[in-house]
Amino acid sequence: MANTKQLVLASSSIYRRQLLERLGLPFTIASPDVDETPLKHELPETMTRRLAQLKASALSKQFPEAWIIGSDQSADLHGQIIGKPGNHERALAQLKQMQGQTVVFHTALCLLKGKEYKTLSVPTLVRFRNLPDESLENYLRIEKPYDCAGSAKSEGMGIILLERIESDDPTALIGLPLIALSGLLREAGFVIPHV
C-alpha cells in the first residue's frame, strides 16, 4: 500500500534530512523562518518543544494538506541552555564548561497537520570526558561543529569527547528521534516501511 499523504520536514538541517531518509518515505524539505531566541526564564525542554511546534506551524499555510515535522534540540547543563555556538571561540568555551559533566540533550518533535498536532521530547543524557585543551582545539579544527547544540557531533569525531550516552532513542542526539517519529507517523496513517 503506497503512502498518499504529503510529508514535509520543517528544517534546513542536513542531519535531520539524512535521518528522515532512513524511514524510506518521500518528503519535501522547507526551511521555516522562526526566531529561535529563548524566552525569558524558559527551561531548555520547554523551549525545544515550543520551537519544534513553531517550526512546523510556520509552514502550515504553505503546505495546508501536509503532515509537517518540526524538531528542535538544546543542550541542558543544570538548567542552562547550551545552544549552537556559531564560532570556534564559543564552541571551545562550551566544551570546557561541559567537561566532566552530565548534559541532557532535549530533542523535541512535533507532527502537525492543520490545527492538529502532537509534540514530545526525547531526553539523552551525555557524560563528557575531561580532555586537555589541545584535544578540544584539534577536535574543533577538524569537525567544525558550530551548527550543533553543545558543539559535540556524536555521529562524527565528537564521540571522542563523550564518556557515556543514555537514551531510549539513539538518533535523538543527532537531531531527529526516529523511534518516536515513526510511532507518530504510524498513528497518523503512514505505512512504514512502504514500497
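The values are calculated or read from the model by the stated rules, or taken from the named source; none is laboratory data. Note that the structure is a prediction, hence the values are computed from the model and not measured. Cβ atoms come from the backbone with ideal geometry, glycine included; neighbour counts cover every protein chain shown.
Residues in region 174-185 that are modelled with pLDDT of 95 or more and either out of contact with any Leu (no Cβ under 9 Å at 6 or more places or on another chain) or not in a loop (DSSP other than H, G, I, E, B) (or both): L178, I179, A180, L181, S182, G183, L184, L185. For Q53, the conditions (1) of a type outside the set (V, I, T); (2) in contact (Cβ under 8 Å) with a residue 60 or more places away in the chain; (3) in contact with a Lys or Arg (Cβ under 7 Å, 6 or more places away or on another chain) are fulfilled apart from (3). The single condition among (1) closer than 22 Å to A149 by Cα; (2) touching an Asp or Glu at 6+ places or on another chain (Cβ under 9 Å); (3) in contact (Cβ under 8 Å) with a residue 40 or more places away in the chain that A10 does not satisfy is (2).
Where in region 1-82 are the strands (runs of 3 or more DSSP E), entirely inside, with at least 2 residues that are at pLDDT 95 or above and touching a strand residue (DSSP E or B) at 6+ places or on another chain (Cβ under 6 Å)? Answer list for region 1-82: 7-10, 28-30, 67-77. Per this entry, T119 is counted among residues that are of a type in the set (V, I, T), touching a strand residue (DSSP E or B) at 6+ places or on another chain (Cβ under 6 Å), within 30 Å of G189 (Cβ to Cβ) and surrounded by fewer than 20 Cβ atoms within 10 Å (Cβ to Cβ).
Annotation: A93 fulfils all but one of (1) farther than 25 Å from A180 by Cβ; (2) free of Cβ contacts under 8 Å to residues at least 12 places away in the same chain; (3) of a type in the set (A, V, I, L, M, F, W, C); (4) part of a loop (DSSP other than H, G, I, E, B); the unmet one is (4).
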